[in-house]
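First the structure, in the form of structure tokens, and then the observations on it.
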Amino acid sequence: INFHFSHQFNDDISDFGCIWQKQDINEFYSIGHSVHSERVNDACWVDCGQSTYLLTGSNDCLVKLSKFENDQFICVAELPPHESCVRGVCSSCHKDSSVSLLVTCGGKLSMEFYLLDHQTTEMSDHCTASINSNVSFLCSYRTLAKSTIDHRMNIVRAIPLLPADSRCHLCLAGDSDGLLHIVVISELGNSRGTTIGNLFSDSGRPVLCIDLLRCYDRILAFVGTTSGDISVWNFPGTVAVKDGNCGLNCLKGVMPHRPIFVFKAHHAGVNDLSVGSSPMSSTPMNFCIYICSVSDDQTISICTLYISVYSSQLCLKRSCLTVLQCASDSPLNSIKLVLDQSTFHQIYVSGHDEQISLFKLVTIEDGQPQIKFVSSSPLGTDGSCLACFHFTKQGMPSRLIAAVGGEGVEILSLDFDIIHAAKVLTEANYLLITAGAGFSADSGLITYEDMPVEYRDFCDPSSLIDEPVKFQQFWIEFSRTYLYTTPHRGYNILDEWCKRTISSLRSNIENLDCPAYLSRPWYVYTSNVDGHFRSFASFQSSLCEIHGVSSELKCACGIGYSDGKPRLGSRWMKWNESFSSMKSCKEEVLRLNSDVLEEIVRAKKEIVCHHCNRPMRPNVLMFHDSDENVLRHLMNEREKYQAWEGRVEDDVVNNNRKLVILELGCGVNVPAVRKESEEVLVDCTDRIRGAQTTRGSASLIRINPKNAEVTLERDYHSISIHSKAAIALTQINRWLAVLNGNNSRKD
């Protein structure tokens, strides 16, 4: 999988479109970011709308807030230092709020609370001062019992309380004596500058990790300890503010006296855990909670809780435990679960082997989940903590950004648009491939924008009359270039997807299928004249080249006529005086292979039709072209394509089928193919919406390094991938293997 490393290595890595095929990828690594002078113990992302920050705590007693922009940290601000090492940091924010709560904890059982204002900070020389001015101190937490430097908070997590206008948050911390500290914090603060909370005794073993999850009006807390046990606590999730004051006494509901569920997750201490919930499709009031954890025992443990809701009460129906042994060659330190219904559920882990590994969580309705390895990538740190953030920005790829802490902070990202495209393709019954000049450019061919000056002159059939030899040699040279240029890897990938569908081999797109009256469940619609798609048997009978192909020459006897009438002008009159209407001329085609081309180049003379002795021209649609010999062929090809496309639309609408339009390198200067992609998407989707009862679908995957956006007035399903087609197809193909379970872990 193409993890993209820290910013200084992005350009190097992007040149390796197929990095996963290399035998030794350990040569590609990053030194990361030296945010702290000592080990980073905890990290979390803080999303402030237009700005994104990373909050980190370290053994150097410092808490730092780093602004993340353009794949790098542009400035770092320090919060007031702790008396001892900082063990835990977290943030909490109400939906649509303009402030975030920041929490830090560490030695002497201390917790500090701050507010971060979301106002936009412009990048300038005073960026660090601007961040500091946006952070305000709220209060500190102190226990009533006497604490020493050896007593410390190991972890803290926070979550918003409802209703949102209460502006309150529940904070839960775990200490080295096995106690849980629960605090309710108001964004309004208090005049004392300090706050107190309640203590709960867990198992008496030091608490190492905590995660919080909202379930309706309750908050479930998941607590991991050095014993290897994980306990589940059920806390109230709503608050009633009284006279402007907010505290534990304002929580609505019964406080727990003991955990509602405890299970043995590991044989060693639980170093980290991550929790997520997913609804069960059978009944809307049933859902699953996945508790993922890692330990020094090198295992990944997932406990699945099946929860039902009765009269606003959470009822645990049953549980199951899935354990992946030997998930790593060394102890694992951190884990993050990312539930994603549009692609697949992801588990990220890191540890002492200085790698980040990605696993796929396969959920089965009423069955035991499975954990499957996807890929791993080397790091420059031991992964003491792991924070993930889903980054979405207009005009930019949708990515998951992972910050891995240890001796420094390593930033990695994963392109979700690539994964989403692969997911859509796995479900496709029909595939329409639309290709423009950018797809050819990936093979090293020049596009219209970079054509030589004389291209526009020789792309007009009238120049054949004035300079027939120069005209022909110009196009012959193009044909030679196209013939001797090897199609890039993207063509092979498309060919493999399609040809394996009609063979006994397993395809990465397994659902391509069509009724007997359609010869193929795929079609290629392209404006390229290089003829590269013809090199692959899969596309020869399902190919519409709307501008023709340069590797064929046709008799030019018809260039002087338009719609059956002679073109006006003295040059056309002279040309048409000797016009031949022989049927054999109209059917004459000279196909250029390497032998024919080399013979023509050596002869350096005019190429003529052996029926009428008139010059020949490429079978390419040119500017101001009215040659019936060319237009008739192109019209026949278009009619075949339109018949296929119409029948596909009918099948999608009437039989709940899925159509995917895969657009490759179609620019905006000559937008004919680009428009065709959008028209098919709009027409098919509108028919589906009109039918109402159908479950068919149409999706557009647009791959273009410059113009990948889809700007349609209504909401149509599209995926924009800002990349060259050859690189994107390689990455999509790898993800298809992952989603289909065709990959395996290599030693």
- [ ] Could you tell me how many degrees, from 0 to 90 and to the nearest 10, lie between the Cα long axis of helix 672-691 and the main elongation axis, the longest principal axis, of the Cα atoms of the chain?
- [x] 60 degrees
- [ ] Report the label-to-label distance for VAL309 and TYR716 in nanometres (one decimal), using points 7 Å from each Cα along the Cα→Cβ vector.
- [x] 3.7 nm
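For segment 571-725, what does the alpha-carbon gyration tensor say about shape, rounded, prolate or oblate, given a ≥ b ≥ c as the root eigenvalues, a/c under 1.5 as rounded, and a/b over b/c as prolate?
On the way: a/c = 2.87, a/b = 2.13, b/c = 1.35.
Prolate shape, in that a/c is at least 1.5 and a/b is the bigger ratio.
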Open item on the list: Starting from a Cα-only point model with no solvent, please compute log10 I(q)/I(0) by Debye for segment 576-660 at q = 0.11, 0.13, 0.16, 0.18 1/Å.
Closed with: -0.52, -0.64, -0.80, -0.91
Task: Simple label model, 7 Å out from Cα along Cβ direction - SER140 to SER34, nm - done: 3.1 nm
- [ ] First check a/c for segment 251-325, with a ≥ b ≥ c the square roots of the eigenvalues of its C-alpha gyration tensor; if it is under 1.5, answer rounded, and if not, answer prolate when a/b is larger than b/c or oblate otherwise.
- [x] oblate
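Write down the percent of antiparallel bridges among all DSSP beta bridges whose residues are both part of the chain, to the nearest 5. Spell out each step's value before the answer.
On the way: 158 of 186 bridges.
So the antiparallel bridges amount to about 85 percent of the total.
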TODO: Only loop residues by DSSP count here, and only those with at most 16 other Cβ atoms within 10 Å; note down the trypsin sites (Lys or Arg not before Pro) in segment 656-696 that meet that.
DONE: ARG695
Task: Global form of the chain, assessed from the alpha-carbon gyration tensor, a/c cut-off 1.5 - done: prolate
- [ ] Choose one of SER541, SER570, PRO521: the residue whose Cα lies farthest towards the positive end of the charge dipole of segment 520-606 (beta-carbon charges +1 Lys, Arg; -1 Asp, Glu; about the Cα centre).
- [x] SER570
Task: Dipole of segment 384-504 [Lys/Arg +1, Asp/Glu -1 at C-beta], most positive-end residue of HIS420, THR447, VAL469 - done: HIS420
Open item on the list: Please report the spacing between the Cα centers of segment 98-121 and segment 704-741 in Å, no decimals.
Closed with: 38 Å
TODO: Would you kindly state how much longer the chain becomes between ASP150 and LYS675 on full extension, computed as 0.36 nm times their sequence separation minus their alpha carbon distance, in nm to one decimal?
DONE: 182.2 nm
TODO: At 1.4 Å probe size, with no ligands or nucleic acids counted, give the accessible surface of LEU361 in Å², nearest ten.
DONE: 10 Å²
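Can you work out the FRET efficiency for the pair PHE623 and ASP117, with r the C-beta to C-beta distance and R0 = 60 Å, to the nearest 0.05?
Result of the calculation: an efficiency of 0.55.
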TODO: Report the one residue of CYS105, PHE458, ILE302 whose Cα lies farthest in the direction of the positive end of the charge dipole of the chain (charges on C-beta: Lys and Arg +1, Asp and Glu -1; origin at the Cα centre).
DONE: ILE302
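What's the extension gain from LEU248 to GLU69 if we count 0.36 nm per residue and subtract their Cα-Cα distance?
Values: separation 179, 0.36 × 179 = 64.44 nm, distance 3.80 nm.
Residue separation times 0.36 nm, minus the Cα-Cα distance, leaves 60.6 nm.
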TODO: Go ahead and run the numbers for FRET between VAL682 and MET255, Cβ-Cβ distance against an R0 of 51 Å, rounding to 0.05.
DONE: 0.35
- [ ] Note the full-extension length gain between SER203 and ASN654 as 0.36 nm times their separation in residues minus their Cα-Cα distance, in nm to one decimal.
- [x] 156.4 nm
TODO: Grab the beta carbon distance between ASP595 and LYS470, set R0 = 25 Å, and tell me the FRET efficiency rounded to 0.05.
DONE: 0.60
Open item on the list: Tell me the relative contact order for the chain as a rounded percent, counting alpha carbon contacts under 8 Å between residues six or more apart.
Closed with: 9 percent
Task: Label point distance in nm, ALA240-CYS326, each placed 7 Å from Cα along Cα→Cβ - done: 5.8 nm
Open item on the list: Please give the charge dipole size of the chain, origin at the Cα centre, charges +1 on K and R Cβ atoms and -1 on D and E Cβ atoms. Round to the nearest 20 debye.
Closed with: 1560 debye
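The values are calculated or read from the model by the stated rules, or taken from the named source; none is laboratory data. Keep in mind the model is a prediction, meaning the values are calculated, not measured. Counting neighbours? That spans all protein chains shown, and the Cβs are built from the backbone with ideal geometry, glycine included. Just so you know, the surface numbers come from the protein's heavy atoms only, side chains and all, with ligands and any DNA or RNA stripped out. Shrake-Rupley method; radii C 1.70, N 1.55, O 1.52, S 1.80 Å.
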